[in-house]
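Enquirer: I'd like to ask some things about the structure below.
The values are calculated or read from the model by the stated rules, or taken from the named source; none is laboratory data. Since the structure is predicted, the reported quantities are computational estimates derived from the model, not experimental observations. So basically every Cβ, Gly included, is an ideal-geometry build from the backbone, and we count neighbours across all protein chains shown. Just so you know, the surface numbers come from the protein's heavy atoms only, side chains and all, with ligands and any DNA or RNA stripped out. Shrake-Rupley method; radii C 1.70, N 1.55, O 1.52, S 1.80 Å.
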Amino acid sequence: MTVLQEPSASTALPAVTATIDGREITVADGTTIYDAAREAGIDIPVLCHNERYDPVGVCRMCIVDTGGRVFAAACVRPCEDGMTVTTTSPELERNRATLTELLVSDQPPRVEDPKQTTTGDNLLLALADGFGVAREDTALPCGSGRGTDSSNPVIDVNHDACILCDRCVRACDDIQGNDVIGRSGKGYATRIAFDLNDPMGSSSCVTCGECVQACPTGALTNKPIRGIPIRPRDQLDAVDSVCPYCGVGCALTFYVDREHGAISFAEGRDQPGSQSRLCVKGRYGWDYSASPQRLTVPLIRIDIAYPKGPLSSDVRGDGRGGTHNDRGRTGTEGNRSGGGRKDGRPGKDRGRKPGGLVDYNEVLPHFREATWDEALDLIARRLTEVHAAGGPGAIAGFGSAKCSNEEAYL
Ligand code: SF4
Ligand code: SF4
Ligand code: FES
């Protein structure tokens, strides 16, 4: 007999003993058949369920035979004392295969599926392959027309690929606490909805991407960022890392496209602080790593670039007054966006818009590349000179979001 989750005297949860596939298993009262089976190493296929979310039992892929009038959904049905459960039989497999065939019958063709043609890990199609069914082979009529939504800058929505499994709803509402996704419509027109059925890009969505990570089909997928294609995971290098932005330091995995020398996409990785969750910055804010403006070696200002001052016309305010990104626009338009006057001359608050990129062709000639040893020696020498001239009060430091509170006060 296998004893799982032995109740301690203090928690005093009563235990129940059930038999799953001929194995007697004792678990705490309330444990689902799926959880009990999983802990005993028995696999039950799931589609709407994922261990990270509370089970809702909407798809019925996890049906098991408990000897009752109908099959039970293992992800929501608790074990009962004396219950006998069969997780696999020809009849169960036939039912799961029929369910899968119904679900794939109105999916986009495999060669157009937004998930299969990008990350290549459409869970519904993997189940269909396992059961030997395919949309292309089924004689069932193919419905469509629930629409697509590309209004979010980094996430694509294809309602026709949605199977209404509610994973995204639980990911958004329960895991992230954003409460953006629900359902709207009736019958075949039912689809997930952002706020009051708004386009995703104009809803209160904060683009954390948790729903994309949750979705088992091609209904929610990441868009390529800066033209870097999203390719199947097995064609990319999975690099475990830590998000560099804030002090939480969420664990994540970057999927790196070596051919393009860039990150293709990122996913949350389990660790106690973040539990596989990411925010918009960790999930989508890494394209700078492949930016042509990224500094990869230390730079030292050359002698003729002293005394220090603004190096680009954008920062000095004597350029076109717009952002670097305005370069394709007319001078007048550029000036307006940068705070200039309508007559085309720079205004009082002219200059670079925060977040704009300075022109490196203007800036880089003032620097030369150096080794780390040379750069660190220079920093040490200059700090020593400042300290000698002005004492410790002449030196200040910057804290970082990656510092702990204690470090920030040191
Ligand atoms: S991206 Fe995040 S906030 Fe937006 S709908 Fe998905 S889970 Fe909710
Ligand atoms: S969008 Fe994806 S996760 Fe959400 S209900 Fe549809 S299939 Fe499920
Ligand atoms: S996985 Fe159990 S009902 Fe969907």
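Enquirer: Pick out the one residue from Val169, Val206 that is of a type in the set (A, V, I, L, M, F, W, C) and out of contact with any helix residue (DSSP H, G or I) (no Cβ under 7 Å at 6 or more places or on another chain). Before you say what the answer is, go through the steps one by one.
Expert: Working: Val206 fails: out of contact with any helix residue (DSSP H, G or I) (no Cβ under 7 Å at 6 or more places or on another chain).
Answer to the check: Val169.
Enquirer: On to the next question. Could you give me the residue pairs with C-beta distances under 7 Å whose first residue belongs to the stretch 160-173 and is among the acidic types (Asp, Glu), whose second residue is within 11 Å of ligand 3 (Cβ to nearest atom) wherever it lies, and which are 6+ apart or on separate chains?
Expert: Note: pairs meeting the criteria are Asp166/Cys48; Asp166/Val56; Asp166/Val58.
Enquirer: From Val70, Val58, Val85, grab the single residue that is modelled with pLDDT of 95 or more and part of a strand (DSSP E or B). Walk me through how you get there before you give the answer.
Expert: On the way: Val70 fails: part of a strand (DSSP E or B); Val58 fails: part of a strand (DSSP E or B).
On inspection, the qualifying residue turns out to be Val85.
Enquirer: Still on this structure, please answer the following. Just the residues that are more than 11 Å from ligand 3 (Cβ to nearest atom) and in contact with a Cys (Cβ under 7 Å, 6 or more places away or on another chain), please, taken from the stretch 36-56.
Expert: Hit for the stretch 36-56 is Ala36, nothing else.
Residue-by-condition table, conditions (1) modelled with pLDDT under 95; (2) away from ligand 2 (no atom under 11 Å from the Cβ); (3) of a type outside the set (Phe, Trp, Tyr); (4) loosely packed, with under 14 Cβ neighbours inside 10 Å:
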position	(1), (2), (3), (4)
Asn178	no, yes, yes, no
Lys186	yes, yes, yes, yes
Ala189	yes, yes, yes, yes
Asn197	no, yes, yes, yes
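Enquirer: Being in contact with a His (Cβ under 8 Å, 6 or more places away or on another chain), within 16 Å of ligand 2 (Cβ to nearest atom) and assigned to a loop (DSSP other than H, G, I, E, B) is true for just one of Cys75, Cys48. Which residue is that? Give the steps one after another, and end with the answer.
Expert: Working: Cys48 fails: in contact with a His (Cβ under 8 Å, 6 or more places away or on another chain).
When all the criteria are applied, what remains is Cys75.
Enquirer: Please state which of the following conditions Ala214 fails to meet, knowing it meets all the rest: (1) open to solvent by 20 Å² or more (accessible area, probe 1.4 Å); (2) near ligand 1 (Cβ under 10 Å from one of its atoms).
Expert: Going through (1) open to solvent by 20 Å² or more (accessible area, probe 1.4 Å); (2) near ligand 1 (Cβ under 10 Å from one of its atoms) one by one, Ala214 breaks only (1).
Enquirer: For the stretch 137-175, how many residues meet the condition of being within 17 Å of Leu125 (Cα to Cα) and within 16 Å of ligand 3 (Cβ to nearest atom)?
Expert: Qualifying residue count for the region: 5.
Enquirer: Any residue at all in the stretch 224-232 that is out of contact with any strand residue (DSSP E or B) (no Cβ under 9 Å at 6 or more places or on another chain) and open to solvent by less than 60 Å² (accessible area, probe 1.4 Å)?
Expert: yes
Enquirer: Of all residues in the stretch 102-125, which are in a helix (DSSP H, G or I) and open to solvent by 60 Å² or more (accessible area, probe 1.4 Å)?
Expert: Restricting attention to the stretch 102-125, the residues satisfying the condition of being in a helix (DSSP H, G or I) are 102-104, 110-112, 123-125.
Within the stretch 102-125, Leu102, Arg110, Val111, Glu112 qualify.
Enquirer: Also, I was wondering about something else. Might you let me know whether the stretch 162-171 holds any residue that is modelled with pLDDT of 95 or more and more than 14 Å from ligand 2 (Cβ to nearest atom)?
Expert: Step one: list which residues in the stretch 162-171 are modelled with pLDDT of 95 or more, which gives 162-171.
Going one step further and asking which of them are more than 14 Å from ligand 2 (Cβ to nearest atom), we end up with none.
Within the stretch 162-171 (the criterion being modelled with pLDDT of 95 or more and more than 14 Å from ligand 2 (Cβ to nearest atom)), the answer is no, since none of the residues qualifies.
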